[in-house]
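Below is one structure, written out as C-alpha cells; the observations come after it.
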Amino acid sequence: MNQEYFTKFSDMAKKAQEPLKAMAELNVRTLQGFTYLKPEELTSIKKPEELVHKQIEVAISNGHKALDYMQKSFEIFEKVMFSVVQDSKINIKK
C-alpha cells in the first residue's frame with residue numbers, strides 16, 4: 001500500500017511541475033523579449049516629438065508581447081484544467 005501511495009504521489013508531483021516549468025520558461029522568454037530605449041537611441045534624438053514617438057513604439061510593442069504572454073499563459077492553464085477534469089472523470093468511474 002505504501003509503495004502504491006508513493007508512486008501516485010510521485011506521478012502527481014511530476015504533473016504539477018510541468019505547468020510550473022512551462023510558466024517559468026514563458027516568463028523568461030517574455031521578459032527577455034521586451035524592448036526598451038537604449039542610451040544610444042536617446043543621444044540621437046533631436047526633437048521632443050521623436051522621443052515621444054519612440055516611447056509610443058516601445059509601449060505598443062511591449063503591449064503586444066504582454067497580450068501574447070497572456071494568451072500563452074491561458075493556454076497552459078487550459079491544458080492543466082483539462083488534465084484535471086480528465087483525471088477526475090477517471091477517478092469517479094473507479
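Each value in this text was obtained by applying a stated rule to the coordinates, not by laboratory testing. Given the structure is predicted, the values throughout are model-derived calculations rather than measurements. Neighbour counts run over all protein chains shown; Cβ positions are idealised from the backbone, glycine included.
General observations
- Tensor-based shape of the stretch 55-94 (alpha-carbon gyration tensor, a/c under 1.5 rounded, otherwise prolate or oblate): prolate
- Between Ser44 and Ser61, the contour length at 0.36 nm per residue exceeds the alpha carbon distance by 4.1 nm.
- Degrees, to the nearest 10: 48-93 long Cα axis against longest axis of the chain: 10
- Taking the fewest neighbouring Cβ atoms within 10 Å as the starting point, the ordered list for Phe77, Phe82 is Phe82, Phe77.
- Tail weight of P(r) past 19 Å, computed on alpha-carbon pairs of the chain, percent: 62
- Local electrostatic count, Val58, Cβ distance below 14 Å [Lys/Arg +1, Asp/Glu -1]: 0
- Secondary-structure-derived ellipticity at 222 nm for the chain, considering helices only, amounts to -31500 deg cm²/dmol, per-run term -39500 (n - 2.57) for DSSP H runs with n ≥ 4.
- Counting only alpha carbon atoms, the long axis of helix 2-33 and the longest principal axis of the chain meet at about 10°.
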